[in-house]
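Participant: This is the structure I want to talk about, given as C-alpha cells.
The values are calculated or read from the model by the stated rules, or taken from the named source; none is laboratory data. Bear in mind the structure is a predicted one, so any value in this text is a computation, not a measurement. Cβ sites come from the backbone with ideal geometry, for glycine too, and all protein chains shown count toward neighbours. Keep in mind that these areas ignore ligands, DNA and RNA; they rest on the heavy atoms of the full protein, side chains included. Shrake-Rupley method; radii C 1.70, N 1.55, O 1.52, S 1.80 Å.
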Amino acid sequence: ELLPRRPGEFATPRYWDRFFRQRGQRPFEWYGAFPGLCPVLRKYVRPRDKVLVVGCGNSELSEQMYDVGMCEDIVNIDISDAVIRQMQERSGSKRPKMSYLLMDVLQMDFPDAHFQVVLDKGTLDAILTDEEEATLAKVDKMFAEISRVLQVGGRYLCVSLAQAHVLKKAVEYFSQEGWVVRVHQVASSRDEQQFVLPVFVYVMTKFRKIPGSAPQILEICPEEQDKPLRVESAERLVAAVKDRQHYALLCSQLSKTPCAEQVSLDLCDKESGRPRYTLHVVDSPSVKPSRDNHFAIFIIPQGRETEWLFGTEEGRRQLAASAGFGRLVTVALHREQHYEGMAGIQAELSGKVMELAPPGLPARQQVPFLSVGGDIGVRTVRHRDTSPLSGEYVVEDVKGDGTCYFRRLIFLRNRNVVQSEARLLAPTPLPGQKKRRKDKKKPSPAEPPAAIDKSYLCCEHHRAMVAGLCLLRGPDPLPAPLTVLVVGLGGGSLPLFVHDYFSQACMTVVEIDPSMLEVATRWFGFSQGDRMRVHVSDGLDYVVKLAAEAPAQYDAVMFDVDSKDLTVGMSCPPPAFVEKPFLQKVKTILKPEGVFVLNLVCRDARLKESVLATLREVFPLLYARRIEGEVNEILFCQPSPEGRLDPTELGTRARALEGALRQPGRPWDSSYALADMLQAVKIL
C-alpha cells in the first residue's frame, strides 16, 4: 500500500509525505543499510568534509556516519515536510553538528562550492523513472545544482540499482563535464542481500572542465577491495554493470531452484578482460541428496575441454551423474592464461563458485574440487595467427589421457571444436645414448615432443572415411593406381595417411585458405611430392572446372571442409557443397565404380533431412556411418546402384582392406578396426 500508482509520483512531495506518515517512525533503508555501504563511503568521505545528503528520507545512514566518526558536518535535505520534522525530532540534541532542512534538490539555497561531498541514496533513481523529456530536464537540473554546490575535487556519491538508463545518463552527463566517473559494486553476502540485483555506488569527482576534447576517465570496481579497472567508453561501463546484474540474477535463481538446463558463464581476467574460466552448472535431479554430495567443482585438464565428456551437454550430464553430486560446476581453463596448479585455481575460485551453490547446501560445508588424475593438464600454444578466411587460429600441444601428447589446430571463432589433430611421437634416445639419472629437484612440466606421428589418425571420422575406400569395386582391396581428390586440407592428416598407406595413391588436395597450407606444412608434418599435390583454390570452382574438362577421373572424392558461416545449422560442409547442381558435378568427376565420401556435421534436423534427400536424388547408393558421441555423420555415396553390399559383405571387404594395409614394419594402431568401423553403417 506504500507503492505509488505510477512511477512519476516518486518525484512529488505529496507522495513522500503520505509515505512517511504511513510508515511511521521505522527507518526505511533504500538499497541496503550502513554496514554494507561503509567500506565504499570510507574511501571518499573524510572526517573534516562538509557533506550534503539529498533526499535523506528517514534513513539512519547520516546518523550512523555521524556516530562512528566518519563525518559530523552533515546537512540533510528532503522535499517531504513530514519526514524532515520527524528527523529533526529524532536526531535533535544528540547530534548538534548535523541538520535537517526542507529543500528541493532541483533548487537549493546553498552558495556555490559549499560542500566537499554530496551523498544520494536512491534519490536519482526515484526522479529518473523514465526517459521522457520532462524527466530528463529535471535530472539535468538536479545534476547542475549538485555540480554548483560541490567544490572542485568534491565527490558526488550516488547509491543506485544502476538501471541502464539511469547509469547511462549519469555517466554521460558528468564525463562530458570533465569529471572522473567510477562505479563501485557494493559487496554483500547471500544472507544479508536485500535485493536480487546488486547495489552500486557511482563516484563522480569534480574537475575543472578543460576546453577541447579531454579524454574521459571511466572506471569500475567490481568489489570494494579491488583496484579500479579503466573502461574505454560509457557504453562499455554500462555493459560491465549489466554483466554483473545478470550474474546476480543468475546466482539468485540458482540458489532457489535446481536448473533444468545447463547454465554457462565466463569469468574474465581482471587485467586483460579476456575469459579465464568457463563454468557450466549441471544439476542431476536423479542424485539423492545427502550431507556430502550436494555440490562439487570439477576442473577440466587443459586441452581436454573439447572431449565429448567435457565439451557437450550430454557428456557433462553423464559426468555429473557418475560423480554423484546434486550440482556439479565444470571449469574449463583458457589458453594463454597462466595457472598456479590445482591449489592456485582452488584459492582463486573458491569464493566465486560458492555464489553458484545449490539450495539446501549445509552451512560451512566443505566443497570438493575434483579433476582427472588430480592435475590441471598441460597446454602449450605453439603458434597463433589470423587468416583473412578462417579468422584467428592457434596451433597448440596438449597432454591427452595418459602420457600421449597431441597437436591441435583450433579456429577461435569456434574454440570448442578441434579443427585438426595429430599425435606427437615420444622422443627416442640416439644409439649409444645413456638415459640421464633422475634429477632430485622437482621436475618442471614435461615439454611436449615435436615430431608428428603420421601413422596415427586421431579423428574417428577420418578413420571412417578411410574405411569407406573398401567400397571401391575390384578384386584387389588396394586398387592401383588409386586417384583421390580431398577437398579441405586442415592439418593434412587425412591425405597424408591415404598417401602413406596406399602406396599407389595419387592425391590431389584442394584448400581455399593459403594459411592452412602453411600451417599443415610447418606444424603438422605435411609435404607435397610426386603423388601429393595441393591446389589453393575454392573447392566449388575446382570441381566445376574438372567436370567440364576431365570427367570420370577419380576413384574417390572426399569432402572434409568446414563452413565459415556459423549462423547455419550445418558446420561441415558449407551449404553450397550439397546443392544438387554441384553434387551432379561431383558425380561427373567420379569413375562409375568410385565412391564419394562426405563428412556431414549438421545440428539442424530439418536441414539434415533435406541434404540426405538431395544426396539420394544424385547418388542411387548411399551408406551412412554415425560417429558415436559426435555430431559427425560420414556418408558414402556411389554413382551406380549395382554392387550394393550388405553388412556382412562390407565387413569382409573392410577386413581385406585392413589386411592389405597392415604391412610388416609399418605401424598400425589397434584402434583402426576397419570392419568394426563399418559395422554400424546404415544403407539409406
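Participant: Cβ-Cβ under 9 Å, sequence separation 6+ or interchain: first residue in segment 233-257 and within 12 Å of residue 162 (Cα to Cα) and modelled with pLDDT of 85 or more, partner open to solvent by 70 Å² or more (accessible area, probe 1.4 Å) and among the basic types (Lys, Arg). Which pairs?
Facilitator: Final answer for the pair search is 237/168; 238/168.
Participant: Inspect all residues belonging to segment 55-66 and state whether any of them is open to solvent by 50 Å² or more (accessible area, probe 1.4 Å) and modelled with pLDDT of 85 or more.
Facilitator: There is at least one residue in segment 55-66 that is open to solvent by 50 Å² or more (accessible area, probe 1.4 Å) and modelled with pLDDT of 85 or more.
Participant: For segment 570-603, how many residues are in a strand (DSSP E or B) and of a type in the set (S, T, N, Q)?
Facilitator: The qualifying residues number 2.
Participant: Continuing with this model, one more query. Would a scan of segment 537-551 turn up a residue that is at pLDDT 90 or above, open to solvent by 70 Å² or more (accessible area, probe 1.4 Å), among the charged types (D, E, K, R) and outside any loop (DSSP other than H, G, I, E, B)?
Facilitator: Checked against the condition, which is being at pLDDT 90 or above, open to solvent by 70 Å² or more (accessible area, probe 1.4 Å), among the charged types (D, E, K, R) and outside any loop (DSSP other than H, G, I, E, B), segment 537-551 yields at least one hit.
Participant: Kindly indicate the residue of segment 371-403 that is hydrophobic (A, V, I, L, M, F, W, C) and modelled with pLDDT of 85 or more and also nearest to residue 341 (Cα to Cα) among those meeting that condition.
Facilitator: Here the residue is 398.
Participant: Right, another one. Looking at 469, 457, can you tell me which residue is among the hydrophobic types (A, V, I, L, M, F, W, C) and within 24 Å of residue 418 (Cα to Cα)?
Facilitator: After ruling out the rest, the residue left standing is 457.
Participant: How many residues are modelled with pLDDT of 75 or more, charged (D, E, K, R) and open to solvent by less than 100 Å² (accessible area, probe 1.4 Å) if we restrict to segment 197-228?
Facilitator: Within segment 197-228, residues that are modelled with pLDDT of 75 or more, charged (D, E, K, R) and open to solvent by less than 100 Å² (accessible area, probe 1.4 Å) number 2.
Participant: So for segment 252-273 (the condition being surrounded by 18 or more Cβ atoms within 10 Å (Cβ to Cβ), in contact with an Asp or Glu (Cβ under 9 Å, 6 or more places away or on another chain) and assigned to a strand (DSSP E or B)), does at least one residue qualify?
Facilitator: Looking for residues that are surrounded by 18 or more Cβ atoms within 10 Å (Cβ to Cβ), in contact with an Asp or Glu (Cβ under 9 Å, 6 or more places away or on another chain) and assigned to a strand (DSSP E or B), one finds none in segment 252-273, hence no.
Participant: Would you call residue 191 at pLDDT 85 or above, of a type in the set (Asp, Glu), open to solvent by 40 Å² or more (accessible area, probe 1.4 Å) and under 30 Å from residue 278 (Cα atoms)?
Facilitator: So residue 191 does not fit the description; no.
Participant: Among the numbered conditions (1) crowded, with 18+ Cβ neighbours inside 10 Å; (2) touching a residue at least 40 places away in the same chain (Cβ under 8 Å), tell me where residue 138 comes up short.
Facilitator: Answer for residue 138: the failing condition is (1).
Participant: Related question: Looking only at segment 82-97, which residues are farther than 14 Å from residue 59 by Cα and either of a type in the set (Lys, Arg) or surrounded by 15 or more Cβ atoms within 10 Å (Cβ to Cβ) (or both)?
Facilitator: Correct list: 94, 95, 97.
Participant: Select, from 561, 568, 595, 601, the only residue that is farther than 24 Å from residue 498 by Cα, at pLDDT below 95, of a type outside the set (Phe, Trp, Tyr) and open to solvent by less than 50 Å² (accessible area, probe 1.4 Å).
Facilitator: 568
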